[in-house]
């Protein structure tokens, strides 16, 4: 997480820390189908999915992304910005 000093610096810049809650481990050596399976197993309304786009070969994450979008839309999910999600859920900063 964040130290009190890190939190203070972030807030001083007017930023908000947002953490994800569906983390499929896509930085590990796993294939797109496994990434998809892990996300679909954990996702729920209001979830924030964390996928990585740097530091290493991310080709499986890139392959998994359209698969996830299609599967999640088929299940009735939609994609919104963090601001919209916070508004919909009446989220507050911690």
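None of the figures in this text is laboratory data; all of them are computed from the coordinates on show. On a predicted model such as this, the values are computed, not experimentally measured, just so you know.
Any idea what angle helix 59-74 forms with the longest principal axis of the chain, computed on alpha-carbon atoms, 0 to 90 degrees, nearest 10? Tilt relative to the chain: about 90 degrees. What separates the Cα centres of the stretch 42-91 and the stretch 1-35 is a distance of 14 Å. Rounding to the nearest 10 and keeping the result within 0 to 90°, find how far the Cα-based axis of helix 32-42 lies from the longest principal axis of the chain. So the helix axis and the longest Cα principal axis differ by about 50 degrees. If you run the Gaussian network model on the chain, springs between alpha carbon atoms under 10 Å, then out of 12, 71, 32 the most flexible one is 12.
Each stretch of four or more DSSP H residues adds -39500 (n - 2.57); spread over every residue of the chain, this sum gives -14000 deg cm²/dmol at 222 nm.
With contacts taken as Cα pairs under 8 Å and at least 6 residues apart, the chain reaches a relative contact order of 26 percent. Note on the chain: GNM, Cα springs under 10 Å; of 46, 54, 25, the largest mean-square fluctuation is that of 54. Normalising the Debye intensity of the stretch 15-89 to I(0), with uniform scatterers on Cα atoms only, and taking log10 at q = 0.14, 0.15 Å⁻¹ returns -0.46, -0.52.
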